[in-house]
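*Asks:* Supplied in structure tokens, the structure appears directly below.
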Amino acid sequence: MDDRRLEPILAWFAQQGWQPLAFQVETWQAYLAGQSGMIQVPTGSGKTYAAVMGAIAAILETPGIGLQLLYITPLRALSRDIEQAIRRPIDEMGWNLRVESRTGDTSASKKTRQLKNMPDILITTPESLALMLSYKDAATRFKSLQAVILDEWHELLSSKRGTQTELCLSHLRGLQPNLQTWAISATLGNVEEAAQVAIGLNQQPVIVRSNLNRQTIIKSVLPTSVDTFPWAGHLGLRLYEELVEALDINISTLIFTNTRSQAERWYQALTFALPDDIDRIALHHGSISVVEREAIEAGLKAGDIKWVVCTSSLDLGVDFQPVEQVVQIGSAKNLARLLQRAGRSAHVPEGTSEILFLPTNALELLEISAFRNGLKAGDIEARRSLHKPYDVLIQHLITLACGDGFTVTETLGDIRQSASYAALTDEEFVWILEFIIQGGKCLSAYPNYKKVILEGDRYVIANPQIARMHRMSIGTITSNQAVRVRYMNQKDIGTVEEGFASKLKKGDVFFFAGKQLEFFMMKDMTVYVKGTKKTSTVTPIWTGGNLSISDSLSTHLRSEIACVKQKAALNRELECIAPILLAQARISYLPSPGELLIEICKTREGQHLYVFPFEGRFVHEGLGFLWGYRFANQQKTTLTISVNDYGFEILAPADYPFKDLFSSQFFASDALEDELKASINISELTSRKFRGIAQVAGLVFQGYPSAKKTSGQLQVSSSLIYEVFSKYEPDNLLLKQAEQEVLNQQLEAHRLAKTLDRLNTLMTIWQETKRPSPFAFPLLIERLSSRLSNEGLLDRIERLKKQWEKK
């Protein structure tokens, strides 16, 4: 390292008693050579200092005025730790650099001051960056910018937030052609592609990897008997006593769940089991107030809190070095997600991560074994940028119009340097431009949709009122309307969804944020509560998509079944589930990776067809609709579809001739998209998807902070616009986008086509069974769960299982 610009950096490392790692030095040298790229190294290896120290060395060598380094993080919670990490060398070495954060938690006064006097280094989120671009003099504000760091790039990449980031960076590169970009990730399977998306299409990325050996050890909490363990479900509370016995309250532990409701229930169970240690157990998820979350994080770092039940709110790079162990309750469904969570423990270079896996149902024992072998093989899922989401581009152009305005030639050139819009046509851009100027063909009579006007050669915002409304709507995260929960003294507790809050009556007790709360009243989209000693197991439910096993995990899942079938040496998980798999072989058949199992079963409900491709819930949903459509085309009937990660069920009236109607054409994929559209209620699904698109594109205004619209009002507004577009402008690009999102994201049409091709190469095994097999039983429960209340479902499941065991 003979570059003298690195001397201040090396001096600080020496002061800490550290020796820079090879990948850190490689990154610094690449940065100082003017290159951009991506750092792909294991969690806890020192990626942050690898990314920022090269830029800091350049800034110290040639100081500028104003913002010089922009650090983009996907989570507000990360910004605090990143700011502390970057401040540490600056403060200790006395470098004349100002570091600040700017997120949704930053005060309005500080944000105003930052716009007038930007710090040298700013940590922010994609939404806050877009908001900064919406103010005048953005070109001046970013004139000294030298570099952008994209933290946890895998978390942003395949979402609209990632697309929003791409567009913001493409604009910054238009302002600063020599801008350098470095992305950071630990869990990506397509590193080169992801790096290219991060830095734009007009340069070649440098990929920095390390030879650090970081092991991940997966252990499991197993039921004493698989016969009495649930065959379906996702809570896992049946094993809470076993988990308490396996853990030590004196060992710092993160206990990950997949949903906020599940986290609430597990916190209740653990505090019930350890009432004397309630002060050392905490609950952390995104709907709990920021103040409470910060206090929990501080307590964890200080060692005062030992166990934290959490969701993805603590997935990413928050540095909790005291954490010694991680627990995963229920399948993570995704190798990268499990690796990321495991990396929260032993958060140091070449540390050994240990994760304790607690299954919530019997078949998840297969997934534990599949995870272990998948990580051993180094299989990590790929993530790709979205393809031309028009709503995000509409929002971006209005954002630029609010700021300094934009010209067509320059802006279109910048946009096409982003991977998501490289294929954007002139016709599409003209349509979008017309849409934000006139409201398109259908909305031209309404002034609020005429958002942009042409002044000279620049497009600018039509008026200050539209600019204010747009700034309040910037962002791509859409969900059910959140309702704030507060004590009567105005102290914030967190947020729940409006649907849950609207069902509460005065005096109702519910459990939220680790507290028993009694509902008092709801006013101005705020629920007022008071603490109570009354107890309740009612917890809020937040709407969210079901997790589905990834294509990488599904491959290993099929191999695990083959191990049992071949009577190979079995690990603890496979030994535990072996009785169920042997029952499957006895009642029906145990398929090998080269076989597709199809079961036919006749019950009082009708004729059941069970198909087991083991490809994940979303693919099976598409397959179920597609095959149902193909069956009904040959013999009309009413069919019911249910799916899970292992297969799908088609229920028809008694004696429906599934096998006679089946042929090799069921594996055909040449007209897949058209058949999918015909097989589902595409209009209804598209209408639902359009609600989110309408919010991102600014077609519906969510209201001012003091007068938020209800989710019902937003739904009515977006539904009316959808109906108008469908009737009078069927070629509207936003309608097409909604349809494509249903096909490609909800039903995974691309992966579905590959699955059909794979299934066509397999030997199809037909089995007629007298009762649902162990593989089919969870599908039966899945269908029942959509029809019965929780209490009724549990009773019915227990009766069915007892009947099954007797037989």
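The values are calculated or read from the model by the stated rules, or taken from the named source; none is laboratory data. Note that the coordinates shown come from a computational prediction; the quantities given were computed from them, not determined experimentally. Cβ sites come from the backbone with ideal geometry, for glycine too, and all protein chains shown count toward neighbours. The protein model used for the area step is the full one, side chains on, heavy atoms only, and it has no ligands, DNA or RNA in it. Shrake-Rupley method; radii C 1.70, N 1.55, O 1.52, S 1.80 Å.
*Asks:* Among I56, L235, C576, whose Cα projects farthest towards the positive end of the dipole of the chain, with charges put on the beta-carbon of Lys, Arg (+1) and Asp, Glu (-1)?
*Replies:* L235
*Asks:* Once you charge only the Cβ atoms, +1 for Lys and Arg and -1 for Asp and Glu, what is the size of the charge dipole of the stretch 443-545 about its Cα centre, to the nearest 20 debye?
*Replies:* Result for the stretch 443-545 is approximately 400 debye, rounded to the nearest 20.
*Asks:* Any chance you could look up the accessible area of F429 with a 1.4 Å probe, heavy atoms only, rounded to 10 Å²?
*Replies:* 10 Å²
*Asks:* Which of I765, Y71, F625 sits closest to the plus end of the dipole of the chain, meaning its Cα is farthest towards the positive end, when Lys and Arg get +1 and Asp and Glu get -1 on the C-beta?
*Replies:* Value computed over the given set: F625.
*Asks:* Please compute the net charge surrounding S134, taking Lys and Arg as +1 and Asp and Glu as -1 over other residues with Cβ under 14 Å from its Cβ. Write out the running numbers ahead of the final one.
*Replies:* Working: positive: R102, K111, K136, R141, K451, R468, R471; negative: E127, D137, D404.
With Lys, Arg at +1 and Asp, Glu at -1, the net is +4.
*Asks:* Next up: Mind ordering 610-621, 670-681 by average Cβ neighbours within 10 Å, highest first? Let's see the in-between values first.
*Replies:* Details: 610-621: 24.6, 670-681: 14.9.
Descending mean neighbour count gives 610-621, 670-681.
*Asks:* Might you work out the accessible area of M472 for me, using a 1.4 Å probe with all protein chains in place, and round it to the nearest 10 Å²?
*Replies:* The accessible area of M472 comes to roughly 80 Å².
*Asks:* A further question on this structure: Taking 0.36 nm per intervening residue step and subtracting the Cα-Cα distance, what contour gain separates A246 from A22 on full extension?
*Replies:* Working: separation 224, 0.36 × 224 = 80.64 nm, distance 3.84 nm.
Length gained between A246 and A22: 76.8 nm.
*Asks:* Could you sort 187-199, 290-302 so that the peptide with the highest average Cβ count within 10 Å comes first and the rest follow in order? Spell out each step's value before the answer.
*Replies:* Details: 187-199: 21.3, 290-302: 16.7.
Highest to lowest by the protection proxy: 187-199, 290-302.
*Asks:* Quick one: putting +1 on the C-beta of Lys and Arg, -1 on the C-beta of Asp and Glu, what dipole do you get for the chain around its Cα centre, in Debye to the nearest 20? Before the final figure, lay out the partial values.
*Replies:* On the way: 88 positive and 89 negative charges, 386 e Å.
Magnitude of the dipole: close to 1860 debye.
*Asks:* Counting Lys and Arg as +1 and Asp and Glu as -1, what is the net charge of the other residues whose Cβ lies under 12 Å from the Cβ of A57? Display every interim value, and only then the final one.
*Replies:* On the way: positive: R4, R5; negative: D3, E7, E61.
Result for the local shell: -1.
*Asks:* So how much accessible area does R173 have, in Å² to the nearest 10, using a 1.4 Å probe?
*Replies:* Surface accessible to solvent at R173 totals approximately 40 Å².
*Asks:* By a straight-distance test (C-alpha under 12 Å), which aspartates and glutamates pair with K567 as possible cross-link partners, with residues fewer than eight away in the same chain excluded?
*Replies:* Counting by Cα, and skipping residues close in sequence, K567 has these aspartates and glutamates nearby: E575.
*Asks:* Determine the relative contact order of the stretch 415-503: mean sequence separation of Cα pairs under 8 Å and six or more apart, normalised by residue count, in whole percent. Mind showing how you got there, number by number?
*Replies:* On the way: 70 pairs, mean separation 10.7, N = 89.
Rounded, it is 12 percent for the stretch 415-503.
*Asks:* May I ask you to give the solvent-accessible area per residue for the chain, in square angstrom, as obtained with a 1.4 angstrom probe? Walk me through the intermediate numbers first.
*Replies:* Numbers: 33290 Å² over 807 residues.
About 41 Å² of surface per residue is accessible.
*Asks:* Let me ask something else about it. Between the stretch 272-288 and the stretch 1-80, how many Å separate their Cα centres?
*Replies:* About 37 Å separates the Cα centre of the stretch 272-288 from the one of the stretch 1-80.
*Asks:* Return the distance in nm (one decimal) between the two label points of a simple spin-label model at Q665 and T112, each offset 7 Å from Cα along Cα→Cβ.
*Replies:* 7.0 nm
*Asks:* Can you give me the C-alpha center-to-center distance between the stretch 751-766 and the stretch 469-492, rounded to a whole angstrom?
*Replies:* Here the answer is 45 Å between Cα centres.
*Asks:* If you don't mind, there's one more thing I want to ask. Can you compute the FRET efficiency between T769 and T637 using 1/(1 + (r/R0)^6), with r the Cβ-Cβ distance and R0 = 22 Å? Round to the nearest 0.05.
*Replies:* Values: r = 21 Å, r/R0 = 0.96.
With a Förster radius of 22 Å, E is 0.55.
*Asks:* Under a 1.4 angstrom probe, counting protein chains only, how are Y446, Y49 ranked by accessible area, largest first? Write down the numbers at each step before the final one.
*Replies:* Working: Y446 125, Y49 30 Å².
Highest to lowest solvent-accessible surface, that is Y446, Y49.
*Asks:* Let me ask another. Taking the 0 to 90 degree range and rounding to the nearest ten, how far is the long axis of helix 617-634 tilted relative to the main principal axis of the chain, both from C-alpha atoms?
*Replies:* 50 degrees
*Asks:* Here is a follow-up. Can you pull the percent of the stretch 1-128's accessible area that's carbon plus sulfur, 1.4 Å probe, other chains left in place?
*Replies:* Values: 2410 of 4990 Å².
Of the solvent-accessible surface of the stretch 1-128, carbon and sulfur hold 48 percent.
*Asks:* Non-local amide H neighbours of F512 (under 5 Å, H modeled in plane, Pro and chain starts lacking H): which ones?
*Replies:* So F512 has HN proximity to L517.
*Asks:* Give the residue from Q16, I598, T411 lying farthest towards the positive end of the charge dipole for the chain; charges sit on Cβ (+1 for Lys and Arg, -1 for Asp and Glu) and the dipole is referred to the Cα centre.
*Replies:* Towards the positive end, the residue furthest out is I598.
*Asks:* Tell me, what is the FRET efficiency for N190 and A445 to the nearest 0.05, using R0 = 41 angstrom and their Cβ-Cβ distance as r? Could you put the intermediate results ahead of the total?
*Replies:* Details: r = 46 Å, r/R0 = 1.13.
The pair N190/A445 has a calculated efficiency of 0.30.
*Asks:* Once you place label points 7 Å from the Cα toward the Cβ at I477 and K523, how far apart are they in nm?
*Replies:* Modelled inter-label distance: 2.9 nm.
*Asks:* Can I ask one more? Of the listed values [x] 26.8, 87; [y] 28.2, 91; [z] 27.4, 82, identify the label whose number matches Rg and Dmax of the Cα atoms in Å calculated from this model.
*Replies:* [z]
*Asks:* Work out, step by step, the length gained on full extension between A298 and S536: first 0.36 nm times the residue separation, then minus their alpha carbon distance; give nm to one decimal. List each step's numbers first, then the result.
*Replies:* Numbers: separation 238, 0.36 × 238 = 85.68 nm, distance 2.90 nm.
Extra length available between A298 and S536 comes to 82.8 nm.
*Asks:* Follow-up. Report, ordered by chain and residue number, the lysines lying within cross-link reach of K602, taken as a straight Cα distance under 25 Å and ignoring same-chain residues fewer than 8 apart.
*Replies:* Straight-line reach from K602, under 25 Å: K636, K659, K770, K801, K802, K806, K807.
*Asks:* Here's another thing I want to ask about it. Sum up the charges of everything whose Cβ sits under 9 Å from the Cβ of G698, counting Lys and Arg as +1 and Asp and Glu as -1, but leave G698 out.
*Replies:* Working: positive: K451; negative: D391.
Spelling it out: positives minus negatives among the neighbours equals 0.
*Asks:* Return the distance in nm (one decimal) between the two label points of a simple spin-label model at N571 and N463, each offset 7 Å from Cα along Cα→Cβ.
*Replies:* 6.5 nm
*Asks:* Round to a whole number: what % of the accessible area of the stretch 544-604 belongs to carbon and sulfur, probe 1.4 Å?
*Replies:* After summing per-atom areas, the C and S share lands at 52 percent.
*Asks:* What is the extension gain from L784 to E427, computed as 0.36 nm multiplied by their sequence separation minus the C-alpha to C-alpha distance, in nm to one decimal? It would help to have the intermediate numbers written out before the result.
*Replies:* Numbers: separation 357, 0.36 × 357 = 128.52 nm, distance 4.81 nm.
Between L784 and E427, full extension yields an extra 123.7 nm.
*Asks:* How high is the relative contact order of the chain? Use alpha-carbon pairs under 8 Å, at least six apart in sequence, and give a whole percent.
*Replies:* Working: 1461 pairs, mean separation 93.7, N = 807.
About 12 percent, as a whole number.
*Asks:* Residues in the stretch 524-550 near a label at R758, defined as backbone nitrogen under 19 Å from the 7 Å Cα→Cβ point?
*Replies:* 547-550
*Asks:* Return the carbon/sulfur percentage of the accessible area of the stretch 144-198, one whole number, probe 1.4 Å, all protein chains in place.
*Replies:* Result for the stretch 144-198: 43 percent of the exposed heavy-atom area is carbon or sulfur.
*Asks:* Right, next: Once you charge only the Cβ atoms, +1 for Lys and Arg and -1 for Asp and Glu, what is the size of the charge dipole of the stretch 514-568 about its Cα centre, to the nearest 20 debye?
*Replies:* That gives a dipole near 280 debye.
*Asks:* By how many degrees, between 0 and 90 and to the nearest 10, does the Cα long axis of helix 47-61 differ from the longest principal axis of the chain?
*Replies:* Its long axis makes an angle of about 10 degrees.
*Asks:* Which distance in Å, rounded to a whole number, links the C-alpha centroids of the stretch 237-257 and the stretch 98-152?
*Replies:* So the separation of the two Cα centres works out to 41 Å.
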